[in-house]
Every structure is written in structure tokens, then in C-alpha cells.
Amino acid sequence: MTHRLDLNALRAIAVAGVVAFHLKINLLSGGFSGVDVFFVLSGFLMTKIIADGIEGRKFSFARFYAARVRRIVPGLLATCSAVLIFGYFWVDPIKYEEMARSAVYSLLFVSNINLWKQVGYFDIGANEKWFLHTWSLSVEWQFYLLYPPAMYLLYRVFRTRRRVGTSIKIAILLSFALSVVLAGVRPASAFFLLPTRAWEMLAGGAVALSPIDLPQRFKRPFGLIGLCLIGASFLIYDSLTPWPSFGCLLPVVGAVMVIAARDDGLPLYRNPAVIWTGLWSYGIYLAHWPVIVGVEYLALPWPAVTSFCLIAAIMAGCTLLAHLASAESIRRLWEAKIGTYGRVAFGAAFLLVGTSAAGIALTNGGEWRQPENLEVFRASRLAMGDWDYPSGTCNGLSFSEELRPCHVGARRGRRTLIIGDSFAQQLFSRAREISDNDPTRGFTFVTSAGCPPIVNINRTGVGFRCDTFIDKALKYAESSDFDHVMFVSMWYNYFKIESKNVCFIGKNGCAVARTSEEVLPLLGGALDAMQVRLRQIRAGGKSLTVVLPFPYSKVDVPSVLVKNTFLGRAAQGVNDIEIDVLFEDYDAIRAKLKGLADNVGATLLDPMEFLCVERHCPTLDGKGIPYYRDSSHLRSSTIRSDRFVFLDKFM
């Protein structure tokens, strides 16, 4: 295919948007949609190669897959190698093990499936995934594996390009419909998996199969409208936008219009910076995210500026190496005109990096690098995994929006219902301890991680359905035969203005507080509605307890402890928690929760009164072992310890 400047410019625009988003440039909060532009481009190019080959009776599956390997694998292999070498010297064993596992998944092109099981793309934890960005390569590779045989079969059945194009358009509609459905209820599935992403690549394929023959005078405006749609998606969307859903139409349709316009004469496309960025877009995409994660991990100053400079330096070095290499050697490599020894060397390099990464993962991230700190590493690793709540089966709502309660102990006798978020889940191990010691006690957990147990409130992110969950949970409390109902939550952190975590449901939709002055009235209205529901539960003869937050740190305790031990730094913020600093912004919210408890005759439990001494709360025990599994959730074994015996009389 002849080189098209418009396609190269689309690559430049797409990668610029993604990098800007990852650098947290607020103006381009929707820059992540650059990946969708890449998908459209990929679908267009692959469809054209396959369709032209099949129609010309010269398509070869072997040549197709070999070309994809030459295009994708060398850069990915180099990135994995560089990141693993960096990690050997600078990354602690726990993160290094995770890094190595991610490298293996990336090289096997299943990282999207691994990430789908672990974390959402926009979650806080995603910022620590060194190979997070390789999910899109995995989706593309899975598409490349399935698409050629599918196209071959379609041509065998339908014979003509027009009919094949019609079937592709039907597949686009089905895939798009699936993405819209799943984006609201299973956002991670919609984001990471091929069935909900295929329509974007197929949209590019539809252009290749059914090109639009525009009059010359319409090409420029048609292409400019497409560019504006892509630019609009960069400007108006953010991480709270359901994705890929209806909003995804902007970048996809925009990319389709630019491709269809075939306008290589636009001055923007001929700009040297745009041309260079487009030519190096794949390298920029591969390099940028590990650099950003590394800068954050090492806590280097001015992270956005530092990351940008490092990315620019890496790409400048790659450009220099390309200029120093002979054009003939690059051409021979690109066209696969390399001998047997070259192929063997490439295969050996792939196996070396893959097996090295697997070895690192299997040896606990190379703990042997610092044998003197083994106890700290292993204690922190144990702390991170110390969680026994069955979240996979007892969290949130089912696909059909039914509660998923979790029962512990007796179904008769004194029964307690515990409603809340993940901080309610951490009481599970204590409940099991109580019921094991007293067979007349029983507990039921109805929880949804990330949802405050207050009516008329929803999370601004996708997939939570908090309002539906709490309404069903309260109805369950009213109708079921419980003696006692507890409400447990982090409470305060949901109402941070800067994070815009929640919205308050009213007659005019769901309102997000823009200032701290707006939060209290909106929260007050929600708590007033909550009072009505709690009084109904009390009228059924049930006692109530509202549990204020447990002490929580502002850093991930075991993770920071391991990292700073490995790097020889002081573990800042790990040793204890100062209550006065922690709650300096939350006194008014705390007072409203106390008012809620008083007004409905509920017991108010403040765990900090039992766990803190002189306004300080420890995060480590006397042996330096973390009480926490992250920044705020207590370990299951911690909750079972004698420090938490005070809970027994409230549960």
C-alpha cells in the first residue's frame, strides 16, 4: 500500500492524545480515545491487505502473520527487556514479580484478559501496572488471529466484496450493541475484551471494503469534520465516561471520515513534527507508559515534565540509531529478507526474555537480590494477600440486579445484617470468629465495594449502580428476620471535591458538588431521606449501628514499606496515622453522620476511640509487620486479633 500522509497523521494525533491523557493534562482528559483511532486504522489496513489479497488470489496466511510479527513483536520485546532490566536494579520484589508476570502476558498477547480480571483501566491501581498499555496490542493481535480466516470464509460464502462488506456492517452493529450494554454493568469487560472492541476495527474495515468516492471539493471539509470529531473526544470526555459506548462514536466516526476523505494535501499532514510523530507512534506508545509509571514509582519531582523529557530523550535516541543503521539493513529486516541465523537469533531473544520474565515471577520477584530484607518482603507480601471476604460471589449486584448476600454462622438465633462497602467486608473474618465461638450467632453481609450506604447517591464512575444496590439492601433489611443491622463504610472519602467521586440524585438528575459549600446541603438531603428508611427498619424491631471509618493511612502501607526498604529510603507515612491531620476536612461530615445516628436511635461506633492512643493510630505491629493490606483496608488476621475484641459487643 502506498504511504498516505493522512493515515500517518492519524497515528500522530492518536498517540499524542494517549500520552497527554497519561501525563494527566486536564485539557485533554479524553485523550485515551486515541486508542480507538488506532483500532480504526488497524482495521482499515488489515482489511485492505486481506481483501486485496483474497480477491487477487495472492493472499497468504503465513505472510500475513509474519508481517504482523515483524511489525509488533520486536518493539514489544525491546520494551519488555528494557523495563525488566530497569526493574532488576530499582523495583522492589513485589512490584518486580508483578512486572514480570505482566511482561509474560504481554508477550503472549493476553494482557487484556489478565487486566480484565485484575483492575479497570481508570482505577487508581492501574497507575502501578507497568505494562497496562499493552492491553490494546493484545486486542489487536487477537483480532489479527481471527480476522483473516473469518474474511476468507466470508469470501467463500458471499463471493463479492459488497456482500462481505454488508456482513461486516452487521458485525459492527452487534459488537457495538454489546459494548453499550456491558459498558454500564460490566465496564472492565467492555473496555478490555475483543468482542466489545471489534466494531471499532471493523469500522475501519468497512471503509476499506466500501470506499466513499467523494468529489474533490468535499474531501477537505469531510476530513476536517473528522478531525474535529476526534479533537472533541479528546476535549469533552474523561475517565468517568462509559467506554466504549455511545461516546466512542466520536473518535471512531472521526477516524473513518478522515480515512474516507483521502486528503493528503492538508498542511497539518505535511508538518515535519506530525510526520515524525506518526512514523514513531508505535515506539512512543510502547515507551511512554513504563516511563510514566517509573517516574511515579521513584517519586521523581515534576512527574509530568520529567516523564515527557524522558520519553522525548528515548525517542530521540531511537531516531539517532535508525539514522546510523543502514537503510538496506532496515529494509531487509522489514521485508523479512534475513537468513536462518537471523530468524534463530530472533526466536532465541524472544525465548530469553519470556523465560527470564517467567523466572523472575516464579522466584517471588528476585527476593534474593536483598537477602537481608527477606523478612520485610515476605511479611508485606503476606499482608497484601490477607483478605478472606469472598468478593467474587458476595459483592454488589448480579447481572440481573439482584443482591448477592454472604451468610456466616447460624441462620437462627441472634442474626446481624452488615450493609456497606469494602470496609464492611473487612469485618467478615471477625464475624466468622464470633460465629465459630458461639453457634447461636449468625451474620449476613450485603456489600458493594465503592458504594457508600446512603440513599439517593451514585458513583460518577461506570458500573457501580450504588443507588440500586442500597435501595435493595434497605428493602432486604426491612423484610428479613434480622435482630441487628450495621452500616459500615469509609464514608468521608466519597465526598472529596477534587475527586468528584459521587453524585446526588434529585429531580433534575444526578448532581456533582463543585465546591465544598455544595457538598453539605446535598449530603444533608441524602441523609434526610436515609433517616426515613432507617426509621422503617427500626419500626420492625431491629437495632441499628452506624460504624465510622477505621483509621486509614494516606499511603499504601505494605507497598511503601517494601519499596522504601528496597531503595534504602525512610518509609514516610507508614509508622502511624495522626487523627487530627486525617480528619481536618471531615468534621462537618462526621457531625452529620452523628446526627443521623442520634435521630434514628442508632448506636454510633467510632473504631478510632479503641484503636488509637493520644490521637495516633499505629500501622505496624511491634515487629514492624503491617496491620493493613493496602492504604486503608485492614488485614483479615488483624481484624481477628485481640485489638478488635471491642467489635464483638457491637456486632
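Values in this text are rule-based calculations from the coordinates and carry no lab data. If you're wondering where the values come from, they're calculated on a predicted model, not measured in any experiment. Positions of Cβ are generated from backbone atoms using ideal geometry, with glycine treated the same way; all protein chains shown enter the neighbour counts.
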Partners for residue 592 among lysines (Cα-Cα distance below 21 Å; same-chain residues under 8 apart left out)
496, 500
No Cys partner within the rule (Cβ under 4.7 Å), the chain:
80, 228, 248, 309, 318
Near residue 594, which aspartates and glutamates are there with a Cα under 20 Å away, not counting those fewer than 8 places off in the same chain?
421, 517, 518, 528, 580, 584, 585, 606, 609
Using Cα-only point scatterers and the Debye equation, what is log10 of I(q)/I(0) for segment 403-518 at each q in 0.11, 0.15, 0.21, 0.22 Å⁻¹, rounded to two decimals?
-0.41, -0.68, -1.08, -1.15
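Within segment 34-138, how many Lys pairs sit with Cα atoms under 21 Å apart, leaving out pairs fewer than 8 places apart on the same chain? Intermediate results must be reported in sequence, preceding the final value.
On the way: 48/58; 95/117; 95/129; 117/129.
Eligible lysine pairs with Cα atoms under 21 Å apart amount to 4.
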Hey, which lysines would be in cross-link range of residue 475, C-alpha to C-alpha under 18 Å, not counting anything within fewer than 8 residues on its own chain?
542
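Where both partners of a DSSP beta bridge lie in the chain, what percent of those bridges are antiparallel, to the nearest 5?
Details: 17 of 37 bridges.
Around 45 percent antiparallel, to the nearest 5.
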Can you give me the angle between helix 340-362 and the longest principal axis of the chain, using Cα atoms only, in degrees from 0 to 90, rounded to the nearest 10?
0 degrees
Compute the acute angle (0 to 90°) between the alpha-carbon long axis of helix 34-55 and the principal axis of greatest extent of the alpha-carbon atoms of the chain; round to the nearest 10°.
40 degrees
For every other residue with a beta carbon closer than 12 angstrom to the beta carbon of residue 620, add +1 if it is Lys or Arg and -1 if Asp or Glu, then tell me the sum.
0
GluC sites (Glu not before Pro), restricted to segment 370-407: which are DSSP loop and have at most 10 other Cβ atoms within 10 Å?
402
Burial ordering of 110, 19, fewest other beta-carbon atoms within 10 Å first:
110, 19
Kirkwood hydrodynamic radius of segment 5-362, Cα pairs, Å:
21.2 Å
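Show me 171-177, 628-634, 508-514, 45-51 ranked by packing, highest mean number of other Cβ atoms within 10 Å first. Present the calculation step by step, with values, prior to reporting the outcome.
Values: 171-177: 16.6, 628-634: 22.4, 508-514: 12.7, 45-51: 20.4.
With the highest mean Cβ count within 10 Å placed first, the list reads 628-634, 45-51, 171-177, 508-514.
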Peptides 298-306, 162-170 ordered by average Cβ neighbours within 10 Å, highest first
162-170, 298-306
Once you sort the root eigenvalues of the Cα gyration tensor of segment 128-234 as a ≥ b ≥ c, which label holds: rounded (a/c under 1.5), prolate (a/b larger than b/c) or oblate (the other case)?
oblate
Listing 309, 451, 503 by rising number of other beta-carbon atoms within 10 angstrom, fewest first, gives 309, 503, 451
Between the Cα axis of helix 161-185 and the main Cα principal axis of the chain, the angle (0 to 90°, nearest 10) is 20 degrees
